[in-house]
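J.: One structure follows; several queries about it will come next.
Nothing in this text is a laboratory measurement; each read-out follows from the coordinates by a stated rule. Keep in mind the model is a prediction, meaning the values are calculated, not measured. Reconstructed Cβ throughout: ideal geometry from the backbone, glycine too, with neighbour counts over all protein chains shown.
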């Protein structure tokens, strides 16, 4: 029985199955609010050397959920990071987007 559930659980956890509208809204939020400092896409370095690339967030803290990593990042930030408040639907959209670009391997040079 457990083996039969594994494929279903893997499909449910797949970022490819994220709601495309939520992912698109999350990308727009990242571009509008985060891109002046962070690399918010699947390529490129962050404009601010102290701001990690969004695609590397999962690799920076293996074993933690993107939700935990994102909450910690908002709480601690970096020296130039403005205070950023968002409502739950916006947070969910941004997390949906982050899940689609996250890398699980080692972060690149300096994790930027």
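J.: With the requirement that a residue be within 17 Å of residue 29 (Cα to Cα) and either touching a residue at least 24 places away in the same chain (Cβ under 8 Å) or buried (at least 16 other Cβ atoms within 10 Å of the Cβ) (or both), what does the stretch 58-89 give you?
T.: 66, 67, 70, 73, 81, 84, 86
J.: Kindly indicate whether any position in the stretch 58-80 is over 14 Å from the mean Cα position of the chain (by Cα) and either under 27 Å from residue 20 (Cβ atoms) or assigned to a helix (DSSP H, G or I) (or both).
T.: Yes, the stretch 58-80 contains a residue that is over 14 Å from the mean Cα position of the chain (by Cα) and either under 27 Å from residue 20 (Cβ atoms) or assigned to a helix (DSSP H, G or I) (or both).
J.: Output the residues belonging to the stretch 41-57 that are within 23 Å of residue 23 (Cβ to Cβ) and in contact (Cβ under 8 Å) with a residue 40 or more places away in the chain.
T.: Passing the criteria: 41, 42, 45, 46, 51, 52, 53, 54, 55, 56, 57.
J.: Now a separate question. Do we find a residue being in a helix (DSSP H, G or I) and closer than 14 Å to residue 101 by Cα anywhere in the stretch 34-53? Walk me through it before giving the result.
T.: So in the stretch 34-53, the residues in a helix (DSSP H, G or I) come out as none.
The answer is no; no qualifying residue exists.
J.: Sticking with this one: Please go through the stretch 19-46 and pick out each residue that is over 22 Å from residue 85 (Cβ atoms) and surrounded by fewer than 18 Cβ atoms within 10 Å (Cβ to Cβ).
T.: Taking the stretch 19-46 first, the residues over 22 Å from residue 85 (Cβ atoms) are 19-21, 39, 41-45.
Once the filter is applied, which keeps residues that are over 22 Å from residue 85 (Cβ atoms) and surrounded by fewer than 18 Cβ atoms within 10 Å (Cβ to Cβ), the stretch 19-46 yields 19, 20, 21, 41, 42, 43, 44, 45.
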